[in-house]
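Note sheet for the following structure.
No value in this document is a laboratory result; all are computed from the given coordinates. Since we're looking at a predicted model, the values are computed, not measured. We place every Cβ from the backbone using ideal geometry, glycine too, and count neighbours over all the protein chains shown.
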Amino acid sequence: MLGPVPDEDRTRTPARRLLEPSRLGGSARRAVLRARWALEDRRLTAEQRREELGPAHLRWRGNSSRENRQRWDGWDWSSRGEEWNASPEWKQALIDDVLDRWMPAGGAILEIGPGGGRWSEPLLARAARLVLVDVSERPLALCKERFAAGENVEFVLSGGADIPGVAYASIDAVWSFDVFVHVAPVDQAGYMREIARVLVPGGVAVIHHSDGRNRGLAPSRQGWRSPMSRGLFASLARASGLRVERQLDSWGPDGRYDLSAYADVISVCRAERPRVGGTQASLP
Ligand SMILES: C[S@@+](CC[C@H](N)C(=O)[O-])C[C@H]1O[C@@H](n2cnc3c(N)ncnc32)[C@H](O)[C@@H]1O
């Protein structure tokens with residue numbers, strides 16, 4: 001489905017090479033970078049309007065699994081990610097209204113990108129089996145230490161878009177928060193196919209991801225946001241055999257808690273149940 005990505009250097013004209021930011025100094029360099037980013041964001045936005053994983057998304061070089069591994073292996077995890085909560089009430093309401101609502105008590109739950117275990121702890125309180133999947137070794141090592149007593153916790157090192165060693169239709173629910181916003185679009189598409197593979201029919205995935213470019217209080221690049229939108233994500237989900245049940249960007253009483261810093265969204269996707277008496281179209 002994904003065509004070859006053109007080598008940017010081969011498509012660059014001599015004039016474009018002269019304007020290479022690395023050849024310029026100070027304010028000229030910043031001006032060229034800003035112009036390049038503005039053009040890139042316009043192309044991404046156009047593809048997102050068409051809900052298309054097109055050339056601008058496929059060429060996106062940031063948020064690679066290598067970059068993620070470097071960043072999060074070197075992160076200071078002493079606060080276990082709790083520093084990213086807007087407030088204790090924001091976190092508790094997300095657990096009460098979203099996590100507890102869709103993560104089934106007593107189920108097999110898989111979390112992508114547990115970090116310091118900020119959400120793994122409430123997930124473990126509900127799960128009969130908890131599978132923690134991360135691209136970086138250090139978060140997995142920290143979670144091993146933190147949840148050492150739990151015999152029902154498994155740890156999986158991912159290549160960045162896969163869920164190796166987890167069997168087909170063995171997971172009731174998938175949770176991922178503050179992860180897909182940093183994962184390259186092509187890897188998000190890979191994970192959607194993997195999520196569809198591991199979920200039982202009727203199983204659910206709750207995934208936090210970006211929703212457009214520069215729509216929040218801060219610019220997307222400041223938050224190291226990977227390009228995605230709710231429409232494009234829904235089309236990736238559908239292409240993988242998942243149905244989008246809901247997309248939400250606020251929760252709590254009167255929707256008072258939200259993701260407005262970068263205007264992200266949470267998508268709730270459901271693995272289709274085979275039709276009774278019909279064909280099992282989405283099952284391999
Ligand atoms: C910002 S931290 C969030 C940690 C945790 N989910 C939280 O909300 O506190 C991002 C986490 O996602 C992991 N991660 C980044 N890219 C990933 C990928 N492609 N596949 C799996 N995990 C990834 C990082 O290693 C890190 O543990």
Using DSSP to call loops (not H, G, I, E or B), can you name the chymotrypsin sites (Phe, Trp or Tyr not before Pro) in segment 162-246 whose Cβ has at most 16 other Cβ atoms within 10 angstrom?
Tyr168, Trp224
Tell me, what does the Kirkwood hydrodynamic radius of the chain come to in angstroms if you use every pair of distinct C-alpha atoms?
20.0
Where nothing but the Cβ of Lys and Arg (+1) and of Asp and Glu (-1) is charged, how large is the charge dipole of segment 63-271 around its Cα centre, in debye to the nearest 20?
580
Taking the simple approach of a point 7 Å from Cα along Cα-to-Cβ for both Ala169 and Gln222, what is their distance in nm?
4.8
Counting other Cβ atoms within 10 Å of each Cβ, which GluC sites (Glu not before Pro) in segment 149-228 have at most 12 and sit in a DSSP loop?
Glu151
Cβ-Cβ FRET estimate between Asp96 and Ala128, R0 fixed at 25 Å, reported to 0.05:
0.75
If Trp102, Trp119 are placed from fewest to most neighbouring beta carbons inside 10 Å, the sequence is Trp102, Trp119
Whole-number percent relative contact order across the chain, with pairs defined as alpha carbons under 8 Å at least 6 apart:
17
Per-residue ellipticity at 222 nm attributable to helices in the chain (runs of n ≥ 4 DSSP H, -39500 (n - 2.57) apiece, nearest 500 deg cm²/dmol) works out to -9500 deg cm²/dmol
D_trans [Stokes-Einstein, Kirkwood Rh over alpha-carbon pairs] for segment 158-243, 10 °C, 1.306 mPa s, µm² s⁻¹:
119
